[in-house]
1. Looking at the chain, I'd like the Rg to Rh ratio, where Rg is from alpha-carbon atoms and Rh is Kirkwood's inverse mean 1/r.
2. Quick one: Met218, Met131, Met84, fewest Cβ neighbours within 10 Å first, how do they rank?
3. Counting Lys and Arg as +1 and Asp and Glu as -1, what is the net charge of the other residues whose Cβ lies under 14 Å from the Cβ of His60?
4. Which longest run of the chain has no exposed loop site in it, a site being chymotrypsin sites (Phe, Trp or Tyr not before Pro) in a DSSP loop with at most 12 other beta carbons within 10 Å, and the site itself not part of the run?
5. Compute the Rg to Rh ratio over the range 173-261 from the alpha carbon atoms, using the Kirkwood formula for Rh, and round to two decimal places.
6. Where does the longest stretch of the chain lie that holds no GluC sites (Glu not before Pro) found in a DSSP loop with 16 or fewer other Cβ atoms within 10 Å?
7. Placing +1 at every Lys and Arg Cβ and -1 at every Asp and Glu Cβ, with all other atoms neutral, what dipole size does the chain have around its Cα centre, in debye to the nearest 20?
8. Using r as the Cβ-Cβ distance of Ser212 and Ile48, and R0 as 41 Å, what FRET efficiency do you calculate, to the nearest 0.05?
Amino acid sequence: MADRQQNALKWLLVTCFGYTGYRNARFGRIEAHEAICAWARELLLQTINLAQQQGWEVLHAIVDSIWIRDVQGRSLQEQYDSAMDLAQEVHALTGIPLEYEATYRCIAFLPSRVHSGGSLTKYWAYGESGMKVRGLELRQHSTCPWVRELQKQALQILADSDDLLDGIPSPRVQSSVQRLLLSEVQRQDTHQLLPRELIVSQRISRKPTSNSSQTVAMLAYQRSQSLGFPIELASKVRFIVCPKDSRNPLQRVLLAQECEDLGHPLRRIDLDYYRRLAVRAVWAVLGPFGWSEEDLLETSITRLDQWM
């Protein structure tokens, strides 16, 4: 009950903060929005400064979290004790309590697709307490089971390996993740995947009109209506993406109700669509190491680490 209450309060405050900067909100006030941002920025800068004074490098920080790395060569126990001291000092300075979450062997923040820096909310990490994933396909409800499992296996390959170079998975380990992708793409291209592995889920936020773009979600909504499976707004439609058919746009999708229970693979799927999803998911794992999406499907290049 207490957890539900704190979640409700959290999202109420998040919503209120957003509306303070919305010009048409009844209680919107841009000065309030700017003041909240300035206060949060100042508290964050104070926390970063304290961490640096105590021998930590701040890898990343957002409104409610900070990730730090030791730069003094301390043992794990010494690092833990220092982190607890830092949390107490931050609490004393700002009045905001900090909780220790975990120590990770490796943490990677995804490169941004918009600018040259890292993404603020997309990262993965693993350590003694297990895997932590935020913002990746693995955490998104729309992701089909095949892509979700592929990304999970890719991360597990890194987490299980002790073959490290400067503390991160070696190029040889990274190449094994690429080979996993190529193997799964080959399975898809040869129609070895069952329909239930390819079902995508998307939420329908509005009814399509004559001017609406014919996205796969909109086509799935229209197909549901035409086949007698009405979909309420704000609910999800589940479907498989098929090749485009200029004569009948609704053939672009197959509803989960039509094929989920089939025990044999479908040949009429959009191979390019699912290949892009798979590549994007594995790029989220290897992108922090400098891989591009084009590299992931490149089979003609033999890397030096594959011979080592």
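1. A ratio of 1.02.
2. Ranked by crowding around the Cβ, least crowded first: Met84, Met131, Met218.
3. On the way: positive: Arg69, Lys122, Lys132, Arg134; negative: Glu57, Asp64, Glu101.
Net local charge, His60 excluded: +1.
4. The longest such stretch corresponds to 101-308.
5. Ratio of gyration radius to Kirkwood radius: 1.08.
6. After excluding every exposed loop site, the longest remaining stretch is 129-231.
7. On the way: 35 positive and 35 negative charges, 358 e Å.
The calculated dipole for the chain is roughly 1720 debye.
8. Details: r = 46 Å, r/R0 = 1.11.
With R0 = 41 Å, the Cβ-Cβ based efficiency is 0.35.
Here, each number is a calculation from the coordinates, and none is a lab measurement. This one's a predicted model, so the numbers in the text were calculated from it and none came from an experiment. Quick reminder, even Gly has a Cβ in these numbers, built from the backbone with ideal geometry, and neighbours come from all protein chains shown.
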